[in-house]
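Undergrad: Once you've had a glance at the structure underneath, I'll fire off some questions.
Please treat every number below as a calculation from the coordinates, not as lab data. Small disclaimer: the values here were computed from a predicted structure and weren't measured. Using ideal geometry, Cβ is built from the backbone for each residue, glycine included, and neighbour counts are taken over all protein chains shown.
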Amino acid sequence: MAKGNTIVVVGVGARTPLGFDAASSAAAVRAGISAIQDHPYMIDRFGERMKVTRDTGIAVTVTGPARAVEIAVSPAFDALRPLLAVRQAASVSLILSTGEARPGQPEGFAAQVNAKLRSQLAQHAILEGGGSTARGHAGGLLAIYHACKTLRDDKVEFCLAGGVDTYLEPETLEWLDENEQLHSEGNIYGFCPGEAAGFCLLTTLTTAQRYGLRPLLEVVGASTANEENRIKTETVVLGEGLGAAFRFLFENAPIDPVGRIICDMNGERYRGNEYGFAVIRNPGRFENAADFETPADCWGDVGAASGPLFVSLVTEAEARNYQNASLSLIWAGSENGSRAAVLLGGPRRA
């Protein structure tokens, strides 16, 4: 029996190069559809058009914080929609993550995106507290981690945790190319940069019941850790950071083995090596550790949006009865060393 302070997901929102909502994006990923295409005009160091994924609903002339906000607004509203439909006043803490600081981003990018997004959401919802951070791939899951902590500390009734990222600034793409991170025929171990946003509305089971909201998933656990041997350094990764995140997550988790794994692996060898060592450090916790899903193959590398988008994939699977696993593990790792993992259970657990 789930406890009253169990954290549950009551709303999700997604906008990806595959679809402008959670249902269409999840359906496209399940079907194996790829949004990877040639960039309209950016050329890589091999003289070929860069391989990217784009939000085709937004003009290429929209750039910077304005582009990130335009990507984020609709999925944020989608996640809030169940609460707004109740028509009962409730305050929501917005915790937002964007990509790590990099060429192509103006100074204070995360704060600007946060302020602009809050301004649009505040017209329909009461936003109190929260904040923004630029934490990269793990950022969206870190937002969920901090949301769970905030809810368990009884600081707020609802948390809207999300991530938005876009790699499509020309300076950003050139920087990735210089660092040999872009995928191409000449660099098969690079990734295809993209853009997307994902959001989750979280609350406790008790609060969900009081507002008449239906739990979509249970957050069984969330954890964070740090990796010292980072990508793009001379060190060798042995999975210590990700392995620790898994270990912290499993300490208070059910004994059932994880049946579904979704991660932000994007083609870079570093990430695959890291995951292999992390699994070895946590024996017996997976039904089949080699059976993992990498949505970046379909919607590209979407950075800080990854984690919340993974939540929407599990939510859609549960809602449409093709989720076969009782426990799902989602994880992501940032270039800055941040590692985050979340364990999800179906709504029946709650």
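Undergrad: How much of the DSSP beta bridge set in the chain is antiparallel, as a percent to the nearest 5?
TA: Working: 39 of 61 bridges.
Close to 65 percent.
Undergrad: A further question follows. LYS232: which aspartates and glutamates have alpha carbons under 18 Å from its alpha carbon, excluding same-chain residues fewer than 8 sequence positions away?
TA: Excluding near neighbours in sequence, the set is GLU100, GLU174, ASP177, GLU178, GLU180, GLU240, ASP264, GLU268, GLU274, ASP301, GLU335.
Undergrad: How many nm separate the modelled label positions at GLU48 and ALA122, each set 7 Å beyond the Cα in the direction of the Cβ?
TA: Taking the two extended label points, one gets 4.7 nm.
Undergrad: Restricting to Cα pairs below 8 Å that are 6+ residues apart, what does the relative contact order work out to for region 81-155? Please round to a whole percent. Each step should come with its number before you reach the end.
TA: Values: 76 pairs, mean separation 33.2, N = 75.
Worked out over region 81-155, it gives 44 percent.
Undergrad: Give me the distance in nm between label points sitting 7 Å out from Cα along the Cα-to-Cβ direction at GLU171 and LEU84, one decimal.
TA: So the label points at GLU171 and LEU84 sit 3.4 nm apart.
Undergrad: Report the gain in length on full extension from ASN324 to VAL62: 0.36 nm times residue separation, minus Cα-Cα distance, nm rounded to one decimal. Walk me through the numbers before you get to the answer.
TA: Values: separation 262, 0.36 × 262 = 94.32 nm, distance 4.06 nm.
Extending this stretch completely gives an extra 90.3 nm.
Undergrad: Let me ask another. How much mean residue ellipticity at 222 nm does the chain get from its helices, if each DSSP H run of length 4 or more adds -39500 (n - 2.57) and you divide by all residues, to the nearest 500 deg cm²/dmol?
TA: Values: 10 runs with 118 residues, N = 350.
Here the helix-only value at 222 nm equals -10500 deg cm²/dmol.
Undergrad: Compute the relative contact order of region 1-136 as a whole-number percentage, counting only Cα pairs closer than 8 Å that sit 6 or more residues apart in sequence. Can you show the working numbers first?
TA: Details: 163 pairs, mean separation 32.5, N = 136.
Normalised by residue count, the contact order of region 1-136 is 24 percent.
Undergrad: Over the chain, with a single point scatterer placed on each C-alpha, what log10 of the ratio I(q)/I(0) does the Debye formula yield at q = 0.09 1/Å?
TA: Each listed q maps to, in turn, -0.43.
Undergrad: Would you list, by chain and number, the aspartates and glutamates whose Cα falls below 12 Å from the Cα of LYS155, excluding same-chain residues fewer than 8 positions away?
TA: LYS155 reaches GLU128.
Undergrad: A follow-up question, please. In nm, to one decimal, how far is the modelled label at GLU178 from the one at GLU287, with both set 7 Å along Cα→Cβ?
TA: Label-label distance for GLU178 and GLU287, simple model: 4.6 nm.
Undergrad: Something else now. Counting only residues 5 or more places away or on other chains, whose amide H sits under 5 Å from the amide H of VAL12 once H atoms are built in the peptide plane?
TA: The list, which skips near neighbours in sequence, is LEU201.
Undergrad: I'd like the chymotrypsin sites (Phe, Trp or Tyr not before Pro) in region 279-350 restricted to DSSP loop residues with at most 14 other Cβ atoms within 10 Å, sorted by number. Please report the intermediate quantities before stating the final value.
TA: Working: sites: PHE286, PHE292, TRP299, PHE310, TYR322, TRP331; in loops: TYR322.
The qualifying sites are TYR322.
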